[in-house]
Amino acid sequence: MWQDAKLLNATANVLFSIVLLAMLVSGVWWVIHRPVFALHVVRVENEKTVGRQEGIQAELRHVNTLTIRDQAVPKITGNFFTTNLEDVKQAFESVPWVRKASVQRVWPDTLVVRIEEHDVLGTWGEDGRLISVAGDVFTANLAEAEEDVQLIEFSGPNGSEKEVVAQYLQFKQWFASLNLEPEAVQYSSRYAWSVKLNNGLQVELGKVQEANALKKRVDQLIKVYPQLVTRLQGSIVSVDMRYPNGLALKTSNQSVVSNRK
């Protein structure tokens, strides 16, 4: 008898705890869904600041209020407590020109979204996409990109974007001694390199097996380039550096092959 009473008491305690917990959860759910906790402010900031110590916030260049209101804000659901921050992050990262977004809650009714914009470098391929200095390919208004910089033309196999941008930076450094800069870099499906310089010269560099092979070919061209310009009076259209002991030239009126031992 005593054991039965003890069992009934234990069961009652368990049931009471369950009911109490359910009431507590229900109460919390009711509270956090009150209109007072609705989101009233979505504050967008630039991840990059000017004068960080002074707290001066840099303005976003391409991401504007209208775009955010039309493309990101409608995807935000829930209130201060229930909105999914990862969903908000993805909503903002789907906006053109946004490279990365981070989101945090600020009591009592605000979301702060910090945005890093793409820093455009050029175009990628032939389908109108853009590529950033970080090697990220993205889609945005081409006319807006052209307002920022003189766009470099890039192309290469899928997945080679960062490699191509890194190689471009090396080309830029190497050809600086001739006061020339790359305006197009191509990495073919056969993994051969070519670069077009801002004087119109097309340079074929081919495949490389060794890490410094490209540098050697460019150095070879840099060494003889002043003589070629003097002899041919600036009529060089393209130069092929894929020969192990020489190079091939194409001029505006003829082709010339120059071999060096």
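Numbers at a glance
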read-out	value
Unmet criterion (only one of (1) within 30 Å of LEU205 (Cβ to Cβ); (2) at pLDDT 95 or above; (3) open to solvent by less than 60 Å² (accessible area, probe 1.4 Å); (4) of a type outside the set (Gly, Ala, Ser)) for ASP148	(2)
Search result, residues across region 110-127 that are open to solvent by 50 Å² or more (accessible area, probe 1.4 Å) and either over 23 Å from GLY78 (Cα atoms) or not in a strand (DSSP E or B) (or both)	ASP119, GLU126, ASP127
Unmet criterion (only one of (1) at pLDDT 60 or above; (2) surrounded by 10 or more Cβ atoms within 10 Å (Cβ to Cβ)) for SER26	(1)
Qualifying residue in region 226-248 (condition: at pLDDT below 95, β-branched (Val, Ile, Thr), touching a helix residue (DSSP H, G or I) at 6+ places or on another chain (Cβ under 7 Å) and surrounded by fewer than 16 Cβ atoms within 10 Å (Cβ to Cβ))	no
Unique residue being in contact (Cβ under 8 Å) with a residue 40 or more places away in the chain and in contact with a strand residue (DSSP E or B) (Cβ under 8 Å, 6 or more places away or on another chain) when the list is GLN202, GLN167, GLN186, GLN150	GLN167
SER102 vs. criteria over 12 Å from the mean Cα position of the chain (by Cα) and polar (S, T, N, Q)	yes
Subset of region 188-203 (residues that are closer than 15 Å to VAL164 by Cα and either surrounded by 14 or more Cβ atoms within 10 Å (Cβ to Cβ) or touching a Ser or Thr at 6+ places or on another chain (Cβ under 8 Å) (or both))	SER188, ALA192, TRP193, SER194, VAL195, LYS196
Filter result for LEU130 (in a loop (DSSP other than H, G, I, E, B) and buried (at least 16 other Cβ atoms within 10 Å of the Cβ))	no
Filter result (surrounded by 15 or more Cβ atoms within 10 Å (Cβ to Cβ), in a loop (DSSP other than H, G, I, E, B) and among the hydrophobic types (A, V, I, L, M, F, W, C)) within region 70-109	ALA72, ILE76, PHE80, VAL95, TRP97
ALA213 being open to solvent by less than 30 Å² (accessible area, probe 1.4 Å), at pLDDT 85 or above, out of contact with any strand residue (DSSP E or B) (no Cβ under 7 Å at 6 or more places or on another chain) and not basic (Lys, Arg)	yes
Answer residue from region 76-93, given it is of a type outside the set (A, V, I, L, M, F, W, C) and modelled with pLDDT under 95 and is nearest to VAL133 (Cα to Cα) among those	ASN84
Output for region 158-187, where each listed residue is open to solvent by less than 30 Å² (accessible area, probe 1.4 Å) and in contact with a Ser or Thr (Cβ under 9 Å, 6 or more places away or on another chain)	VAL164, VAL165, ALA184, VAL185, TYR187
SER155 being within 21 Å of ARG242 (Cβ to Cβ), at pLDDT 95 or above and surrounded by 17 or more Cβ atoms within 10 Å (Cβ to Cβ)	yes
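The values are calculated or read from the model by the stated rules, or taken from the named source; none is laboratory data. Quick caveat: nothing in here was measured; it's all calculated off a predicted structure. Note: ideal-geometry Cβ built from the backbone for every residue, glycine included; neighbour counts use all protein chains shown. SASA here: full protein model, heavy atoms, side chains in, ligands and nucleic acids out. Shrake-Rupley method; radii C 1.70, N 1.55, O 1.52, S 1.80 Å.
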